[in-house]
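The values are calculated or read from the model by the stated rules, or taken from the named source; none is laboratory data. Everything numeric in this text was worked out from a predicted model, so none of it was measured. Using ideal geometry, Cβ is built from the backbone for each residue, glycine included, and neighbour counts are taken over all protein chains shown.
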Amino acid sequence: MRINKIRLFQDPAARREIASWVLAISLALSFSMATRAYAFEPRRVQQTSMYPTLHDGDIVFLYKLDHIIRRGDIIVFNSPTSSEKLIKRVIGLPGETISFENGNLLINGTRFVENSDRTETDYGQSINSSPVVIPSGTKLGEDEYFVMGDNRDVSYDSRSFGPIKRGSILGKAEAVLWPVDRISTLK
């Protein structure tokens, strides 16, 4: 058997075949690692702050290349107060003024009521369920976003830690990939 292995490596056609397989596997692994590092990745939701849109244990498709952040987008970002990765909904955009009045969120002086087709949550609900530590009338900087969880009663979000910087955003959650019965796009 040893003689056959030696002959296999001495045969130029066999060496080319082996080299082509090694190259194909190397390219596939490199492409996979680069894609995950720079384009997209699956990410497990490990909190209930986005319920009912996202459930604890859901796996979402995180798209990293979209640099346009819009109100209503669900983003994953580095927590400004810990090493955790958080997932929240974008509420306030750069340049907007965030205020609180009678338990309601105002953006540029207008009461914020989110488009109800985004989730089952009533976004006109009071925000008093979580302590608000940022001053009312805070104007967001040119690279700042105000984020909140859909489950307002338990969410640790911009009401507690203030606006987040654009540079801390890792990507947008575009779809639920798991569990199978919850597969859907996130809009």
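Looking only at residues of the range 149-187 that are closer than 15 Å to I68 by Cα and among the charged types (D, E, K, R), we find that the one that is surrounded by the most Cβ atoms within 10 Å (Cβ to Cβ) is K172.
Kindly indicate which of P179, P135 is assigned by TED's automatic domain parsing to the domain that holds R70, within 16 Å of T97 (Cβ to Cβ) and more than 15 Å from the chain's Cα centre (by Cα). Write out each step before concluding.
Values: P179 fails: within 16 Å of T97 (Cβ to Cβ).
When all the criteria are applied, what remains is P135.
The residue that is farthest from the chain's Cα centre (by Cα), among those in the range 62-76 that are more than 21 Å from S158 (Cα to Cα) and of a type in the set (D, E, K, R), is D66.
Residues to consider are F112, F146, F100; find the one that is modelled with pLDDT of 90 or more and surrounded by 13 or more Cβ atoms within 10 Å (Cβ to Cβ).
On the way: F112 fails: modelled with pLDDT of 90 or more; F100 fails: modelled with pLDDT of 90 or more.
The unique qualifying residue is F146.
Considered as a group, the residues in the range 44-67 that are under 18 Å from V90 (Cα atoms) and charged (D, E, K, R) include one that is surrounded by the fewest Cβ atoms within 10 Å (Cβ to Cβ), and that residue is D66.
Among the residues of the range 1-45, those that are at pLDDT below 65 and part of a loop (DSSP other than H, G, I, E, B) comprise M1, A39.
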